[in-house]
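FYI, it's all coordinate maths here, none of it is from the lab. Just so it is clear, the model here is predicted, and its values are computed rather than measured. Cβ coordinates were reconstructed from backbone atoms using ideal geometry, including for glycine residues, and neighbour counts include every protein chain displayed.
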Amino acid sequence: MTVLNIIRDCLDALLHPSARYDALTRARHRAFMAPRLLGSLAAFAAFPVYLAMRGAPTALEVAGFAWLIAPILLSWFLSRTGRYEGAHVLSSLALTGLVMTVAMTTGGIESFAAIWLVVVPLEAALSASRRVVAFACALTLGCTAALIAFGHFDLLPHPDANSVSRGVFMAFGVASATLYAAGLAFGAESLARTSAALLNVEEDRYRLLARNMSDVISRHHRNGAVQFISPAVEAMLGAPVSRLLGHGLFDRVHVADRPAYLTALSDAARGGEARSVEFRLRREVPRAARGQNSQVDFIWVEMRCRPLEQASETAVWSDAEVVAVMRDVTDRKIQEQALDLARTAAEQADASKTRFLATMSHELRTPLNAIIGFSEMIVQEDVLMIDAIRRKEYAQLINDSGQHLLSVVNGILDMSKMESGNFEISPEPFAPRAALINCCNLLALKARENAIDLVTRAPDDLPVMTGDPRAFKQIVLNLVANAIKFTERGGSVTVSAGVEGSRLVLRVSDTGVGISADDLKRIGNPFFQAGKTYQRRHEGTGLGLSIVKSLVALHAGEINVQSRLDEGTTVTVALPLAFTPKAEQTSSNIATLTPAVRSTTPEQSHQVKKSA
């Protein structure tokens, strides 16, 4: 083994650099160079012995030994250029030239050397090139025809008539040709074994990659049909490979994504460039994990596809194939959706801030202007000749403006406490009917000034309920005040209360301007007011209904809003009759509002229901 390793290392040192990085090419170059170099060296080593035993050589013997230089030159040519096919062509020419020379001087086609012409195509077969084999066959047939023609026209010298020597030479020719052919056969078998071993190694390597890599490798026809798909798809889709071949994979593509899927494959096959596409694939859900109403499970995948190199240059575009790599990108898609939601929330927060600033600037500037203006007039009463009645009127306006500012600030503070969860309620038994009538009486004057009919319907047998009476009054005042504010002159506001099960149900209905379906979805958000900010006909900060929503949530209640534009609004509040606060009060920002459009038909209804 040591000698073989030394020989192999010496041959590797003589190889062309292009053959050192490919195992099969390296084996072929070794198989070409090794027998020629060893045969030439052995013949040169035996040449002095031959001369000592034979004496002076003949011209034919000198030519034979001179031919031993040719294999060394061929090995040098292959080592310098790396042209394997060219080296085989030169080897065929050199061997044919030697055989023709010997045959023409020893009897032509009847010469013992003529049998060696059969060896020439066999040696060319080791090149694994059809062109070299065809050239060697044509060369052999041409030389055979030339020897027959020379013999027919008696252009060659007659061979030795001694039958014994002739038989010896013939036996030598057949034996040597047979041995050389056997050597070629062993060389071909060694190369075939090396090729099979290298092929198995490559197959094991690619099989290992295909089975263990998470990405899925597939081979498609340009119409999307799958010809090969790696086993990694079983872990991705939960389906065996056999069910995904052909159009099995296409059947699992989401219907909305199928055009993009086919377009990417077709463009890659036709345009010759890589394409990338994202689409959804249906994943097999185990029966144990399925529910009666379970939805189909889809995952997002990213597929990068490129045209497969054609084995022949004559392949047409219709036969083009595509190789693709698919990767599960569901987690990335979920993150993108989360980012979109966060971006939308940030935009809504920015819009809310803008509305808040616009509303606050309007609500604060108007009473402040009144306070500053009328106070300056009182300061200059001597110049302006203001009488006592005017001073009293101005003072009342200043007081009203200050009260308005105080209510705005108090509303903001209350809302802040509720949003942060620091608003404390003190539940105690109280009579809801008396509190309801008291609140309506407080707002009756305002209703009469606006020519609005305020109707209160509270049965005498309303039971005592447990809750925060201050919060209950604030709920009623805010709802009734809103109803009066948004009801045109001549309209009506109806306040009713009743018991449904274990809850007290309070309804405030008006015949006012109503709320659009788009605004109804956002009604109750802090500082939100229906309609455009600069087109409002009514004053307010947009905190009234939001405070009501938070107070109802603190009492574990529920609120529902039904409205239609130009027809009116109905707000329904349901509060438990016996409210028991939890150990830790939940913050009011989890309160829910149930807006709905008041309608008797499903087509007219716009309702969003949430639970407190």
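Sort 85-92, 367-374, 251-258 by packing, meaning the average of other beta carbons within 10 Å per residue, with the highest value first.
85-92, 367-374, 251-258
Please list the non-local residues whose amide H lies under 5 Å from the amide H of ILE452, H modeled 1.01 Å from N, same-chain partners needing a gap of 5 or more.
Residues meeting the criterion, in which the H sits 1.01 Å from N, are GLY490.
Please list, in chain and number order, the residues 5+ apart from LEU504 or on another chain whose amide H is under 5 Å from its amide H, with Hs placed from the backbone.
Amide H neighbours of LEU504, under 5 Å, 5+ apart: LEU575, LEU577.
With only Lys, Arg, Asp and Glu charged, each at its Cβ (+1 for the first two, -1 for the last two), find how big the charge dipole of segment 338-417 is about the Cα centre; round to the nearest 20 debye.
180
From the phi of every residue in segment 498-510, what ³J(HN,Hα) in whole Hz does the Karplus formula 6.51 cos²θ - 1.76 cosθ + 1.60 yield, where θ is phi - 60° and glycine or proline is x?
After applying 6.51 cos²θ - 1.76 cosθ + 1.60, I find x, 10, 10, x, 9, 10, 8, 10, 10, 10, 10, 10, 9 Hz.
In terms of modelled amide H atoms, which long-range or inter-chain residues lie less than 5 Å from the amide H of GLU321?
Those qualifying (amide H under 5 Å, at least 5 residues apart or on another chain) are LEU308.
Classify segment 453-515 as rounded, prolate or oblate, taking a ≥ b ≥ c as the square roots of the eigenvalues of its Cα gyration tensor: rounded when a/c is under 1.5, otherwise prolate if a/b is larger than b/c and oblate if not.
prolate
Sorted by packing (mean other beta-carbon atoms within 10 Å per residue), highest first, where do 100-109, 572-581, 450-459 land?
Ranked from most to least packed, the peptides come out as 100-109, 572-581, 450-459.
Going by the alpha-carbon gyration tensor, a ≥ b ≥ c the square roots of its eigenvalues, is segment 2-208 rounded (a/c under 1.5) or, if a/c is not under 1.5, prolate (a/b greater than b/c) versus oblate?
It is prolate, given that a/c is not under 1.5 and a/b is the larger ratio.
Looking at the calculated P(r) for segment 338-417, what percent of the C-alpha pair distances fall above 19 Å?
56
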